[in-house]
Structure formats: C-alpha cells, structure tokens
Amino acid sequence: MHIQEWLETIPAVSIYLLVGLVIGLESLGIPLPGEIILVSSALLASQHGEIDPVVLGICASTGAIVGDSIGYAIGRRGGKPLLERLGRRFPKHFGPQHVAQAERAFEKWGMWAVFFGRFVALLRIFAGPLAGVLHMPYWKFLVANILGGILWAGGTTAVIYSIGIVAEPWLKGFSWVALLLALVIGLAVTLVLRSRMKKAAAAADATQTAAAAAE
C-alpha cells in the first residue's frame, strides 16, 4: 500500500503523532523516512480539511527539535564508541566514510552544519549525536537546532501544502503526480546541498594535504 493511501486510513491526530515520532526518531539518529512521511502528510493535508497544516508543521518541528536534542545528549554521553556501535548496526548510514564526511562538515561549518544538516539526509541523522560527540557548546547547538528544525519542518509543510492546494483542482484523482513532483523538488534540493558539501569537504582535504606536504 502506498504511504499516502495508508495515511488516509488513520485519524488526523494519529498523523500528527506519527509525523512527530518518525521525525523525532530520525533526528535522534535512527535511519527512518522522516522526509517522506512529512511530504506525504503535508500533501494529504492539502486534500483533506480535517488535517490542519499548522498543527502538522508544529508537530514536525517539535519532533525535529526534541529528537535532535536527545541525540545530542546521547552523543555527548556515549562519545566515539557510540558512533562505532551505530556503524556496526547501520553500516549504510554510519559507516566510517559517513562519519568522516560528517565530521569534516562540522569542522568546517560548526553550528551551521546542524542548521543546514536538516536539509541533507545524511546530516539530518548525524547532526544531534555527532554534535554531542564533538562537544559542541549546547547553546550553539540549541540555536541551530531550533532554527533549522522550524525552517525545515515548517517550511517543507508549507511548500508541499501549497503545491497540493494549487495542483489539486487539475490533478483530481492523480494525487500521486503531486507527490512525485514534491519528492522530485525535495530530492533536487538535497542533491544540490549534498554536492556542495562534498565539494567543500574535498577542497578542505586538498588544503590539509597540501599543508602537510609543505611541512
């Protein structure tokens, strides 16, 4: 069954709780499809009046902020051994290359890695725990976490809801087309940001290598 079709079978309050829970667990460091659930729910809200997009955005933002904060606390207490355990359990998401890439992002951008990490699948899972492992000052993490969580969750809800409202009159029974369009837009943004991060990381590595060779 399609995710959106399944969401249509459960009450609005359950959708609010589901969105908050899935996004919270993803932000905590568990690989889950938080973005897909949020996009599907926001699109559903544009087609069904009983789902309030404002409440949906608030639940998504709350889940993102609380989940990241718990992840930060766990990372600060668990340290590097935590990442090693996660790497063994989720090698596709927490492998050594993923950890190294995320650490380079944090070294280069600091608290901005937490903020912009909301828009990149890899860092969205890593941001909270890694910020704790690296002992980022909590106030910096909190500011970036709150701003990033609200902008990503609230902004995604608003954009997808608006797309659904505009598209619904002429799509009618073809809601899957709107969902596909929304997913393509979200994927495009993610790929652009990820590409820029990889280029920046590669440039940083080249600079460090050149500095080491010069010594």
Inset, instruction - List every residue whose amide H lies under 5 Å from the amide H of Leu134, counting only residues 5 or more places away in sequence or on a different chain, with H placed 1.01 Å from N in the peptide plane. - result: none
Legend entry - Protection proxy ranking, peptides 125-132, 159-166, average beta carbon neighbours within 10 Å, highest first: 125-132, 159-166
Legend entry - For segment 32-41, Karplus couplings with θ = phi - 60° (6.51, -1.76, 1.60), whole Hz, Gly/Pro x: 9, x, x, 5, 5, 5, 5, 4, 4, 5
Legend entry - Relative exposure of Ser69, Ser40, judged by other C-beta atoms within 10 Å (fewest first): Ser69, Ser40
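Values in this text are rule-based calculations from the coordinates and carry no lab data. Bear in mind the structure is a predicted one, so any value in this text is a computation, not a measurement. Note that each Cβ is placed from the backbone with ideal geometry, even for glycine, and that neighbours are counted across all protein chains shown.
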